[in-house]
Amino acid sequence: MSLPRSSGVLLHPTGLPGPFGVGDLGPAGFAWVETLARAGQGWWQVLPVGPTGYGDSPYQSPSTFAGNLNLLSPELLGRDGLASAADVAACELPASDQADYEVVIPAKRRLVRAAWDRFRAGGPATFQAEFRQFRSERANWLDEYALFAAVKDAHGQKPWWEWPAPLAAHDDHALRAAADELADQIDAHRFGQFLFFRQWAALREYARGRGVKIIGDLPIYVAHDSADVWANPGLFALDPTRTPTAVAGVPPDYFSTTGQLWGNPVYAWDAHRRTGFAWWVERMRAALTLFDLVRLDHFRGLEAYWAVPYGDPTAAGGRWEPGPGAELLAAVRDRLGEVPIIAEDLGFITPGVEVLRTGFGLPGMRILQFAFGGAVELRFRPHRFDRNTVAYTGTHDNDTTAGWAAKLTPEERADFVRYAPEAAADPVRTLIRLGWASVADLVLAPVQDFLGLRSEARFNTPGTLSGNWRWRASAGQLAAGAWVEFLREITTTYERGTS
C-alpha cells in the first residue's frame with residue numbers, strides 16, 4: 001500500500017469542545033474539519049468509535065461493530081426533529097476540560113429514548129425509509145447487538161456471564177423469549193445505532209468534501225463482556241463455563257515495567273481458520289464503512305501474541321503463542337481487496353513481524369518521542385525512517401510532547417539537542433518539525449502537541465485504571481490561531497499539503 005506524502009492531526013471526537021459534557025459529532029466536529037482544511041491537512045485520526053466499556057476505554061468495547069452513542073449530537077437531533085428543545089437542554093453541562101461520563105452516559109441514553117419515542121410516534125418519512133434500509137444492511141450484527149444491549153439493560157448492566165444461565169449460554173429458546181419481552185427496547189437500541197451511523201456518515205462526507213480523510217483504529221481484541229464473545233464463544237479461548245483460559249496483554253516494555261494486562265480473551269485461531277476468518281473479514285468490512293484508513297492496533301499479535309493465564313495479577317507471567325499471520329491478512333485481502341491498513345508495530349518487534357508487515361506492503365509506525373527519551377530505540381530516529389512509514393510525535397498512549405520533554409533526563413535532553421540544536425529552545429515544535437521533515441509518507445501529531453499542552457492533557461496512561469480518556473479541548477484552543485499557522489507552514493515547507 002502506498003500513501004501520498006501527507007500529514008494530519010490526532011484528536012478523538014470525545015475531545016472536541018461543546019456544551020454536552022463530551023465531544024460529539026455535531027457542530028464542533030464540522031468546525032474541526034474546517035480547521036484541518038485551513039491548515040492544509042489531509043487526515044484526521046481518531047480512536048475506536050465503538051461503545052466504551054470498563055473504564056470508559058474505547059479499547060474495551062461491548063461490540064466491535066456498533067457505534068458509541070455518547071458521540072451523538074443533541075443539536076443535530078434537534079435539527080432533525082427528533083429531540084425537543086427540552087431534550088437538548090437536558091444534556092447540557094458546565095464547560096470543562098474533562099469528559100463527565102458519569103453524567104453523559106445516562107443523559108445520552110435518555111436522549112436516544114426520547115428520539116425513539118418521537119420517531120415511533122410518526123417521524124419523517126425519509127427517516128422511516130432510511131431506518132428500514134439501515135436495519136436490513138446491518139442485520140448481520142445489529143440484531144445480535146441490540147438484543148445483547150437490551151438484555152444487559154434488563155439485568156442492571158451485569159456482565160453476560162452473570163445473566164440467567166440460558167441467556168448466558170445463548171440458548172435459542174431463551175433468546176426468543178427475551179426478544180419478545182424486550183421488543184421495544186431492542187428496537188430503541190437499533191434506532192440509536194441508526195442515529196450514530198447517520199451522524200457519522202454526514203461528518204465523514206463533509207470531511208471528504210474539504211479534502212480531509214479519516215483514520216480509524218481497530219483494536220485487535222474485543223472485551224469479554226461483549227456481544228461478540230457472548231454470541232460467538234467458539235471463536236475465543238474459553239473453557240466449558242465460558243471463562244477465558246488466557247487473556248491478552250503485552251510483556252514488560254517502554255510503557256510498563258510489569259507489562260500491560262488488557263484482560264481481553266484471546267482468540268481460538270483454529271476456529272477462525274475453519275470459517276476462513278469470516279468474522280475478521282466482517283470486522284474489517286465494517287471498519288471500512290467508517291474510515292478511509294485503518295490502524296490495526298497491536299499488529300504484532302497477528303504474528304505472535306502474549307497469552308496471560310486467566311487470573312494472573314500482571315502480564316509478566318504470560319508467554320508467546322503463534323498467531324494466524326499471513327493466513328488472516330490473505331483472507332481479508334482475498335475477500336475485500338487491498339485494504340488500507342497501518343500496522344501498529346510498536347513494542348517487542350521480531351524479524352517475523354517485519355516479514356509479515358512488509359510482505360503485505362503495510363506501513364509501520366514510528367514514535368519520535370522514543371528516539372530521544374524513555375526506552376530509546378534507534379529505529380525511531382528520523383534519519384532511519386523509510387517512506388512506507390507513519391510517523392507520530394506520540395500517540396494516545398504517550399505523554400504530551402511538552403510533558404515528555406519536561407521529564408527528559410539531562411543526558412536525554414543533551415542527546416536531543418545534539419540531534420536537533422533548536423530543541424534547546426523549543427523541544428515541542430522541534431519534534432513536530434522533525435516528523436514533518438522526515439521521509440515518512442504520513443506524519444501525525446496529537447492536537448495537544450500543537451497546543452503545547454503539558455501532562456495534564458495526556459489522554460491515556462497505560463497500566464492505570466482511572467482518569468483516562470477524559471481530556472477535552474476548549475473551543476478557544478481549537479480556533480484558528482498561531483498553532484494553525486505553524487501547522488500550515490510546516491506542511492507547505494515539507495510538501496505535505498492538500499493545496
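Read-outs throughout are calculated quantities, based only on the coordinates presented, and are distinct from any laboratory measurement. Quick caveat, the model's predicted, so the values are computed rather than measured. FYI the Cβ positions are ideal-geometry reconstructions off the backbone, even for glycines, and counts take in every protein chain you see.
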Using mean Cβ contacts within 10 Å as the protection proxy, how do 282-292, 376-386 order, highest first?
-> 282-292, 376-386
If you count, for each residue, the other Cβ atoms within 10 Å and average over each peptide, how do 186-196, 48-58, 421-431 line up from highest to lowest?
-> 186-196, 48-58, 421-431
Place a +1 charge on the Cβ of each Lys and Arg in the chain and a -1 charge on the Cβ of each Asp and Glu, then give the dipole magnitude about the Cα centre in debye, rounded to the nearest 20.
-> 920
Once amide H atoms are built 1.01 Å from N in the peptide plane, which residues 5 or more positions from Y267, or in another chain, come under 5 Å H to H?
-> A237
Taking K108 as the anchor, which lysines have their alpha carbon closer than 22 Å to its alpha carbon, excluding any fewer than eight residues away along the same chain?
-> K152, K158
If each residue's Cβ is checked for other Cβ atoms within 10 Å, how do E162, E130 rank with the fewest at the top?
-> E162, E130
Give or take rounding to whole Å, what are the principal axis extents of the alpha carbon atoms in region 1-68, in descending order?
-> 37, 37, 17
Could you name the aspartates and glutamates in cross-link range of K213, using Cα to Cα under 14 Å and dropping any fewer than eight places away on the same chain?
-> E34, E205, D292
Rounded to the nearest 5, the percent of antiparallel DSSP beta bridges in region 6-493 equals 35
In whole Hz, the Karplus estimates of ³J(HN,Hα) for region 146-159 (6.51, -1.76, 1.60; θ = phi - 60°; x where Gly or Pro) are 4, 5, 4, 5, 5, 5, 4, 4, 5, 10, x, 6, 5, x
What ³J(HN,Hα) values, in whole Hz, does the Karplus curve 6.51 cos²θ - 1.76 cosθ + 1.60 give for region 241-246 when θ = phi - 60°, with x put for Gly and Pro?
-> 8, 6, 8, x, 8, 8
Residue separation between A202 and A278 times 0.36 nm, minus their alpha-carbon distance, gives in nm 24.5 nm
Applied in sequence order to region 44-59, the curve 6.51 cos²θ - 1.76 cosθ + 1.60 (Karplus, θ = phi - 60°) yields integer Hz couplings, x standing for Gly and Pro, of 10, 9, 10, 8, x, 10, x, x, 8, x, 4, x, 6, 7, x, 9
Kindly rank 462-474, 398-410 from highest to lowest mean number of other beta carbons found within 10 Å of each residue.
-> 398-410, 462-474
Can you give the calculated 222 nm mean residue ellipticity of the chain, where each DSSP H run of n ≥ 4 adds -39,500 (n - 2.57) and the sum is split over every residue, rounded to the nearest 500 deg cm²/dmol?
-> -12000 deg cm²/dmol
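What translational D, rounded to a whole number of µm²/s, comes out for region 61-210 from Stokes-Einstein when the hydrodynamic radius is the Kirkwood one over Cα pairs, at 25 °C and 0.890 mPa s?
On the way: Rh = 16.6 Å.
Approximately 147 µm²/s, per Stokes-Einstein.
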Could I get the Rg over Rh figure for region 155-291? Both from C-alpha atoms, Rh via Kirkwood, rounded to two places.
-> 1.03
How far, in nm, would the chain grow between F30 and A90 when pulled straight, counting 0.36 nm per residue and subtracting the alpha carbon separation?
-> 19.3 nm
Note: region 432-499, point scatterers on Cα, Debye, no solvent; log10 I/I(0) at q = 0.20, 0.27 Å⁻¹ equals -0.91, -1.19
Based on the Cα coordinates of region 352-465, what is the per residue volume of their convex hull in Å³?
-> 116
For the chain, with +1 on Lys and Arg beta carbons and -1 on Asp and Glu, the positive-most of F385, G67, A39 along the dipole | A39
For R295, list long-range residues whose amide hydrogen, built 1.01 Å from N in the peptide plane, is under 5 Å from its own amide hydrogen.
-> G216, D217, L218, I342
